[in-house]
1. Here are some residues: 113, 94. Which one is open to solvent by less than 40 Å² (accessible area, probe 1.4 Å) and either in contact (Cβ under 8 Å) with a residue 40 or more places away in the chain or not in a loop (DSSP other than H, G, I, E, B) (or both)?
2. If residue 84 satisfies all but one of (1) closer than 26 Å to residue 229 by Cβ; (2) part of a strand (DSSP E or B), what's the number of the condition it fails?
3. Residues in the range 159-190 that are open to solvent by less than 80 Å² (accessible area, probe 1.4 Å) and either out of contact with any Leu (no Cβ under 8 Å at 6 or more places or on another chain) or modelled with pLDDT under 90 (or both): how many?
4. Which ranges mark the helices (runs of 4 or more DSSP H) fully within the range 135-231 that have 3 or more residues being in contact with a strand residue (DSSP E or B) (Cβ under 8 Å, 6 or more places away or on another chain)?
5. Residues in the range 52-75 that are within 12 Å of residue 33 (Cβ to Cβ) and among the small types (Gly, Ala, Ser): how many?
6. Answer yes or no: is there a residue in the range 31-42 that is among the charged types (D, E, K, R) and more than 21 Å from the chain's Cα centre (by Cα).
7. Please work out which residue is nearest to residue 83 (Cα to Cα), limiting yourself to the range 97-107 and to residues that are part of a helix (DSSP H, G or I) and over 14 Å from the mean Cα position of the chain (by Cα).
8. Can you tell me which residue in the range 65-87 is nearest to the chain's Cα centre (by Cα), limited to those that are among the charged types (D, E, K, R) and buried (at least 19 other Cβ atoms within 10 Å of the Cβ)?
Amino acid sequence: PGITKEQRLGVENLMKKAFANLEGDLAGTYFPLTGMNEAVRQQLVDDHFLFVSGDPNLKVAGMERDWPEGRGIFHNKEKTFLTWVNEEDQLRIISMGKGGDVKGVFDRLARGIKAVGDSVKTESGKDFMMSEKYGYIHSCPTNLGTGMRASVHIDLPGWTKLGLPVLQARCEELHLQPRGPGGVRGQTGVTYDISNKHRLGYSEVELVQKMIDGVNMLYKEDVALCQAHGI
């Protein structure tokens, strides 16, 4: 939150060089928000990749100063590996994919984090900021620790029939967090974004396994609820 305009631009310039070093399925293109071509902007919106201004929490914390300068998005050709530059954090590294191959998505994330970290080290001599006690350092305290949110989009018509508060209570028991498919800004329909609730006190592998086990349980229970309610 306390970053200066010059520091933000310095991070962006460093990342432009670092991204250029990525190879194989991680190689791709960086798109700065400043001066973005309208066709490119619309495509990123359609892909649900583009982060936008207007979040009241980020605004009041001073994280949208000098918007949109120094901010941008990198993604590979397949659009399965992304990095947000200077949004809420200086970097947000993302791996995604359609279907249920969680292991493949996680493998790409691990390789991507290492590749980006190694490239940043090569270009600047610096490592990611890490505390032995608190893990990775982020703008938001709730992300201290692994900083990792593993999620899947899943339809839960049975749980929807019971209502969101009931689903939220069940997710709490399973150490999960339900959101709308568009993120934290609301829920419509029967599709939910289900993720691990915790970041701190568990390893990345443990958190992914919690998400997998929890989602499998929710799905199993949803099938029974659908049968019970004739859905």
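1. Result: 94 is the single residue among 113, 94 that is open to solvent by less than 40 Å² (accessible area, probe 1.4 Å) and either in contact (Cβ under 8 Å) with a residue 40 or more places away in the chain or not in a loop (DSSP other than H, G, I, E, B) (or both).
2. Going through (1) closer than 26 Å to residue 229 by Cβ; (2) part of a strand (DSSP E or B) one by one, residue 84 breaks only (1).
3. 14
4. The qualifying helices (runs of 4 or more DSSP H) are 164-173, 204-229.
5. 3
6. yes
7. 107
8. Per the criteria, the residue is 87.
The values are calculated or read from the model by the stated rules, or taken from the named source; none is laboratory data. As the structure is a prediction and not an experimental result, all values here were calculated from the model. Here Cβ is always computed from backbone atoms with ideal geometry, including for glycine, and neighbour counts include all displayed protein chains. With ligands, DNA and RNA removed, areas are computed over all heavy atoms of the protein, side chains included. Shrake-Rupley method; radii C 1.70, N 1.55, O 1.52, S 1.80 Å.
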